[in-house]
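Before I ask anything, here is the structure I am working with.
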Amino acid sequence: MHHGSLTAQSRHQPGLFSSFFQGSFACSTACRTPGKRADLMISSGHDTLLEKDYALLTSHHILTARDGARWYLIESQPGEYHWDSFLPQLKAAQAQGIEMIWELAHFGWPDGLDIWQPEFIDRFSAYAGALARLMREEGLTRPFITPMNQISFWSWAGAEIAWFNPFVTGRGRELKRQLTRASIAAMHAIRDELPGARFVLTDPLVNVAASGYSTAARLQAQQQHQAQYEVWDWLAGRDEPELGGSEELLDIIGLTWYPDNQWFHNGDPLEPHHPDYRPLNLLLQEVWQRYQRPLLIAETGAEADRSQTWLSLVSQEVDLALNAGVQLEGISLYPVVDYPAWDDDRRYPVGLFGLPDANGNRTVNESMALTLRSQQIKHQQDPLRTSTT
């Protein structure tokens, strides 16, 4: 197939965010065991080191970050909002000149609220509207907001394999619909307060290949692969229109991307040397062709020994995607600050910055910082890139 020569004009020039390389803070408030909440903002020390942490980002030329508003603290009593956990985040980000992508629910919700009931949707939407009103009062006009973080992943982890809350199996699709409805209601409530708000809608980017060559295997792999698009299709109203989605709600597509995001349909890992392994740039082109919306790699990272290699590889693939005209607007490193390992075999990537010492100082992962810097320079040296800062 002849595509003609790649002209300079066809390369996408990112300019949506203050910085192309971004940092993502661990802000999950999920219950890892019933009744026992794990607030990663607390365990990483971030909740008490807001100014310092945001200042660390700017010292490494990172001007855009993802962080979370903790719904369970803000609305501990139904309909009553207390902003003392969130306002310091907002003020610290403003003081340090950090552009924020605010997540409103990262796998957690207030105690005593039943996630399966219609009340969950109403409470989430009212909370989102109240938060948007507060942002407006604090002078924000075009904030970036993620209503529900990773609906597909949450539904699978929480309602298919009971790995975290709500701890059930076989109800993944039901939870996915519920969280989608809640997201849609929240987006309308936010736009009522802040018509200029932008939405970053996150979910894992995956590739599922057939193990074996039977038609059934190929079909199953194809179905699993296509399932990654379901929530975005629903939010856009392209499918399941009764959920209330519409094209104008589908804004920025946030993709989470890790070394284990490719597998065979039977669950076995798909390794990079296998012929069915697909390069990231082709997966990004697939998402771009399907939605024609700005894309953000909203989380990416790898374990300690491979974190630099991983970042270089992701940057290289992103470069190929940009050359192909994909409107990719950034890469966010996760976690940007360390948190203690979860109590199971979940990947534990090492952040750019370590856990704080007794004085609240974090060590810098120097080799990672050097890799980041060289990628930032490469990116900025693109002669066609216009500075947005």
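The values are calculated or read from the model by the stated rules, or taken from the named source; none is laboratory data. Not measured: the values here are computed from a predicted model. Cβ atoms come from the backbone with ideal geometry, glycine included; neighbour counts cover every protein chain shown. Each accessible area value is taken on the protein alone, full model and side chains, heavy atoms only, with ligands, DNA and RNA left out. Shrake-Rupley method; radii C 1.70, N 1.55, O 1.52, S 1.80 Å.
Looking at Leu73, Leu63, can you tell me which residue is within 20 Å of the chain's Cα centre (by Cα) and either hydrophobic (A, V, I, L, M, F, W, C) or open to solvent by 20 Å² or more (accessible area, probe 1.4 Å) (or both)?
Working: Leu73 fails: within 20 Å of the chain's Cα centre (by Cα).
When all the criteria are applied, what remains is Leu63.
Let me ask another. Can you give me the ranges of the strands (runs of 3 or more DSSP E) entirely in the range 301-384 with at least 3 residues that are among the aliphatic types (A, V, I, L, M), modelled with pLDDT of 95 or more and closer than 21 Å to Pro279 by Cβ?
Details: elements: 328-333, 353-356, 362-364.
It comes to 328-333.
Still on this structure, please answer the following. Kindly evaluate Ala217 against the criterion of being buried (at least 16 other Cβ atoms within 10 Å of the Cβ) and farther than 22 Å from Ala298 by Cβ. Spell out the reasoning first.
Values: buried (at least 16 other Cβ atoms within 10 Å of the Cβ): yes; farther than 22 Å from Ala298 by Cβ: yes.
Yes: the conditions hold for Ala217.
Another question about this same structure. Within the range 290-305, restricting attention to residues that are open to solvent by less than 50 Å² (accessible area, probe 1.4 Å) and small (Gly, Ala, Ser), which residue is nearest to Gly15 (Cα to Cα)? Before you say what the answer is, go through the steps one by one.
Going through the range 290-305, the residues open to solvent by less than 50 Å² (accessible area, probe 1.4 Å) turn out to be 291, 293-302.
Now drop any that are not small (Gly, Ala, Ser), which leaves 298, 301-302.
Values: Ala298: 16, Gly301: 23, Ala302: 26 Å.
Within the range 290-305, the match that is nearest to Gly15 (Cα to Cα) is Ala298.
Pairs only if they're at least six apart or on different chains, beta carbon under 7 angstrom, first in the range 263-278 and under 18 Å from Leu205 (Cβ atoms) and modelled with pLDDT of 95 or more, second open to solvent by 80 Å² or more (accessible area, probe 1.4 Å) and assigned to a loop (DSSP other than H, G, I, E, B); list them, first residue then second.
Every condition considered, the pairs that remain are Pro269/Asp260; Tyr277/Glu271.
Another question about this same structure. Residues being open to solvent by 30 Å² or more (accessible area, probe 1.4 Å), out of contact with any helix residue (DSSP H, G or I) (no Cβ under 7 Å at 6 or more places or on another chain) and not hydrophobic (A, V, I, L, M, F, W, C): count how many of those fall in the range 80-120. Break it down into steps so the answer makes sense when it comes.
The initial filter retains those residues of the range 80-120 that are open to solvent by 30 Å² or more (accessible area, probe 1.4 Å), namely 80-84, 87-88, 91, 94-97, 99, 109, 111-112, 114, 116-119.
Now drop any that are not out of contact with any helix residue (DSSP H, G or I) (no Cβ under 7 Å at 6 or more places or on another chain), which leaves 80, 84, 87, 91, 94, 99, 112, 117-119.
Restricting the remaining residues to those that are not hydrophobic (A, V, I, L, M, F, W, C) gives 80, 84, 91, 94, 99, 112, 117-119.
So the answer is 9.
To continue, here is another question. Mind checking whether some residue in the range 121-135 is surrounded by fewer than 16 Cβ atoms within 10 Å (Cβ to Cβ), within 12 Å of Arg191 (Cα to Cα), at pLDDT 95 or above and of a type outside the set (Lys, Arg)? Working first, answer last.
Step one: of the range 121-135, the residues surrounded by fewer than 16 Cβ atoms within 10 Å (Cβ to Cβ) are 122.
With the extra rule that they be within 12 Å of Arg191 (Cα to Cα), the set shrinks to none.
Within the range 121-135, none of the residues are surrounded by fewer than 16 Cβ atoms within 10 Å (Cβ to Cβ), within 12 Å of Arg191 (Cα to Cα), at pLDDT 95 or above and of a type outside the set (Lys, Arg).
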